[in-house]
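A.B. asks: Got a structure here, written out as structure tokens. Questions coming.
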Amino acid sequence: MAVPNRVLPLALVLLGGCSTSTPEVAEELRELQPEVVMEIDAGRAAVAVDPAPARVAERAAGASAPDNGQRDAWLACDVAREIEEQDAAIAQGRGETALAQAEGAARRSPRDPARAYLAGRLLALLRGLAPARKAFEAALALDPGFAWAHHGLGVIHLREGDPSRAREEFEKAVAGDPQNARVLVSLADSRFEAAQGLDSESHRQRGFLESRALLEQARTLAPEDPRVAIDLATVEAALGRTGEALELATFAAGKAPRDARVLAQHARILEDADRLEEAAEAYGRVLSVSTSGEEAELARRRLARIEEVFSLARTSEIEQAAGLEELGPFLASSDPLLRRQAYKKLRQLRHAADAPAFLRGLADADRGVRIHSIWALGELRATWALPDLLALLSSDPDELARGAVGKALVDLGATGAIPALVEALQKEESLYVIEQIDFALRKLSGDDPLAGQSGREGRGTADASWRVELHRAWSEWLARSDVRPEPR
């Protein structure tokens with residue numbers, strides 16, 4: 001499954017703090033560093049707050065670095081206030097003055113890792129990565145567990161093309177401050193990127209699951225942060241949890257209507273879900289807020305492909321095709337969007353002789369092709385394809401495809417598939433698929449073991465006890481019935 005491009009900007013470390021700068025400040029910073037996608041207006045991860053005057057005075061006097069138990073209190077909100085003052089200074093063209101002040105403060109408090117970090121932050125914006133690296137390393141010399149400094153080094157490694165070393169620094173940052181949403185997101189993103197490059201499907205899935213766990217933790221800390229939500233949506237999409245991905249992406253786009261990266265990832269998730277009209281609108285919103293950069297280029301490229309597919313579907317050979325022979329070249333196209341439209345058209349023709357083509361479609365890499373093929377085999381009453389459909393029920397990585405099998409089995413009238421459906425209930429985690437299995441079981445059996453019991457409607461499969469109850473009820477029904485399983 002294609003997933004949106006990931007962006008891990010240097011600003012993840014440079015713009016951390018307790019509160020959020022204005023969009024105007026963010027825009028000024030973007031103009032200053034056009035190659036860096038700033039995250040000010042997307043919200044920052046919170047840092048622990050200890051406004052006690054004694055703590056501030058202790059830090060100003062250059063007290064020694066704290067132990068691990070005190071580290072959260074060390075980065076007090078006076079640092080966040082200085083971060084906002086730095087942002088304002090840069091936006092007003094006073095960046096050099098702010099840098100001189102930050103470097104002076106670091107010299108006056110040589111034992112304060114936060115002062116070194118603040119100087120490094122401005123150095124990265126105004127001087128480049130090399131001097132920023134020295135400042136972050138100086139902060140770590142004072143406090144080896146200082147999370148923001150590790151995070152800063154991690155982003156620098158990413159900018160230099162070394163994701164492995166970046167991931168090591170993000171691991172250290174999370175260990176130093178496990179309640180920092182921003183460092184959790186960076187570690188999650190780095191694990192997601194690493195997993196995408198693995199050859200083993202099981203290893204990829206494990207990496208995606210690890211990334212999702214970190215992002216879910218970050219979302220509990222920053223539930224309104226659209227960047228956290230959109231990154232989690234991207235991972236959910238890679239795991240085949242399309243419903244969850246769409247919900248999160250829609251939330252994120254609503255929270256950040258002028259964030260090009262969020263909007264671009266939302267559009268790509270819509271496109272992968274075969275909601276092309278909505279995806280085209282979403283890509284248009286990307287271009288309305290950004291006319292240059294990676295997101296704008298992605299939006300133009302994907303819009304061109306969607307428009308091409310729309311044109312082909314409406315006026316070309318795909319729409320005019322009368323059978324398999326004319327659609328053959330499109331069914332074998334290297335473009336998944338064209339293949340998807342061709343299989344959709346072939347399904348609409350409802351020619352029983354075309355059923356073997358849909359059997360091949362079950363193995364297609366594109367989720368949309370597989371779904372159209374699943375539905376078509378059911379609609380064409382291709383009972384000989386039942387073993388292949390049952391195999392997809394447990395093996396397809398996408399929840400919408402697994403759910404589509406339920407409808408196909410109902411269309412086939414495959415009562416012999418009931419045991420396999422009951423077995424799938426026990427293992428399935430997707431809320432959508434469980435609902436589809438339950439629906440198929442009721443249709444195929446003509447019964448409902450939970451009929452008359454309150455709670456099915458509106459209770460939802462998110463309730464784990466309900467899912468257990470559903471499996472138990474159908475298992476008991478199956479034990480009393482004379483249904484025999486279909487051979488696989």
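The values are calculated or read from the model by the stated rules, or taken from the named source; none is laboratory data. In this text, all values refer to a predicted model and were calculated from it rather than measured experimentally. Please note: Cβ atoms are built from the backbone with ideal geometry, for glycine as well, and neighbour counts cover all protein chains shown.
A.B. asks: Could you please find all residues in the range 85-102 being charged (D, E, K, R) and surrounded by fewer than 18 Cβ atoms within 10 Å (Cβ to Cβ)?
C.D. replies: GLU85, ARG94, GLU96
A.B. asks: When LEU412 is evaluated against the numbered criteria (1) within 16 Å of GLY240 (Cα to Cα); (2) more than 31 Å from the chain's Cα centre (by Cα); (3) of a type in the set (A, V, I, L, M), which criterion, by number, is the only one it fails?
C.D. replies: Of everything listed in (1) within 16 Å of GLY240 (Cα to Cα); (2) more than 31 Å from the chain's Cα centre (by Cα); (3) of a type in the set (A, V, I, L, M), LEU412 misses just condition (1).
A.B. asks: Filter the range 324-349 down to residues that are free of Cβ contacts under 8 Å to residues at least 24 places away in the same chain and not in a loop (DSSP other than H, G, I, E, B) and give me whichever is farthest from ARG302 (Cα to Cα).
C.D. replies: Looking at residues that are free of Cβ contacts under 8 Å to residues at least 24 places away in the same chain and not in a loop (DSSP other than H, G, I, E, B), I get GLU325.
A.B. asks: Could you list, in sequence order, all residues of the range 275-312 that are in a loop (DSSP other than H, G, I, E, B), surrounded by fewer than 21 Cβ atoms within 10 Å (Cβ to Cβ) and out of contact with any Pro (no Cβ under 9 Å at 6 or more places or on another chain)?
C.D. replies: Within the range 275-312, ARG275, THR291 qualify.
A.B. asks: Right, something else. I'd like to check something: does the range 158-172 contain any residue that is touching a residue at least 60 places away in the same chain (Cβ under 8 Å) and either closer than 23 Å to GLU84 by Cβ or polar (S, T, N, Q) (or both)?
C.D. replies: Scanning the range 158-172, I find no residue that is touching a residue at least 60 places away in the same chain (Cβ under 8 Å) and either closer than 23 Å to GLU84 by Cβ or polar (S, T, N, Q) (or both), so the answer is no.
A.B. asks: For the range 246-277, which positions are small (Gly, Ala, Ser) and closer than 14 Å to ARG219 by Cβ?
C.D. replies: ALA249, ALA252
A.B. asks: On to the next question. Enumerate the helices (runs of 4 or more DSSP H) found wholly within the range 384-488, keeping only those where 1 or more residues are modelled with pLDDT of 85 or more.
C.D. replies: In the range 384-488, 386-395, 399-412, 418-427, 431-445, 464-480 are the helices (runs of 4 or more DSSP H) which contain 1 or more residues that are modelled with pLDDT of 85 or more.
A.B. asks: If you take the residues of the range 324-339 that are under 35 Å from the mean Cα position of the chain (by Cα) and within 13 Å of ALA376 (Cβ to Cβ), which of them is surrounded by the fewest Cβ atoms within 10 Å (Cβ to Cβ)?
C.D. replies: LEU331
A.B. asks: Take SER311 and tell me if it is farther than 18 Å from GLY361 by Cα and at pLDDT 80 or above.
C.D. replies: No; evaluated as a whole, the condition is false for this residue.
A.B. asks: Please tell me if ARG121 is touching a residue at least 40 places away in the same chain (Cβ under 8 Å) and either of a type outside the set (A, V, I, L, M) or not assigned by TED's automatic domain parsing to the domain that holds GLU103 (or both).
C.D. replies: Details: touching a residue at least 40 places away in the same chain (Cβ under 8 Å): yes; either of a type outside the set (A, V, I, L, M) or not assigned by TED's automatic domain parsing to the domain that holds GLU103 (or both): yes.
When the stated conditions are applied, ARG121 passes them.
A.B. asks: Follow-up question, since we're still on this one. Is at least one residue of the range 264-272 part of a helix (DSSP H, G or I) and of a type in the set (Lys, Arg)?
C.D. replies: Applying the first criterion (part of a helix (DSSP H, G or I)) to the range 264-272 yields 264-272.
Now restrict to residues that are of a type in the set (Lys, Arg): 268.
Among the residues of the range 264-272, at least one is part of a helix (DSSP H, G or I) and of a type in the set (Lys, Arg), which makes the answer yes.
A.B. asks: Restricting attention to the range 204-231, which residues are closer than 19 Å to PRO257 by Cβ and touching a Lys or Arg at 6+ places or on another chain (Cβ under 6 Å)?
C.D. replies: Matches in the range 204-231: PRO226, VAL228.
A.B. asks: Based on this model, can you work out whether GLU277 counts as modelled with pLDDT of 90 or more and closer than 30 Å to GLY403 by Cα?
C.D. replies: In short, no.
A.B. asks: Any idea how many residues of the range 103-121 are within 14 Å of GLN86 (Cα to Cα), charged (D, E, K, R) and surrounded by fewer than 21 Cβ atoms within 10 Å (Cβ to Cβ)?
C.D. replies: 1
A.B. asks: Sticking with this structure for a sec: So VAL369 ticks every box in (1) under 19 Å from VAL309 (Cβ atoms); (2) surrounded by fewer than 19 Cβ atoms within 10 Å (Cβ to Cβ); (3) in contact with a Leu (Cβ under 9 Å, 6 or more places away or on another chain) but one. Which box is left unticked?
C.D. replies: (2)
A.B. asks: Examine the range 417-437 for a residue that is at positive phi and either in contact with a Pro (Cβ under 7 Å, 6 or more places away or on another chain) or not β-branched (Val, Ile, Thr) (or both), and state whether such a residue exists.
C.D. replies: Scanning the range 417-437, I find no residue that is at positive phi and either in contact with a Pro (Cβ under 7 Å, 6 or more places away or on another chain) or not β-branched (Val, Ile, Thr) (or both), so the answer is no.
A.B. asks: Look through ALA376, ALA352 and report the one residue that is touching a residue at least 24 places away in the same chain (Cβ under 8 Å) and surrounded by fewer than 17 Cβ atoms within 10 Å (Cβ to Cβ).
C.D. replies: Only one candidate qualifies: ALA352.
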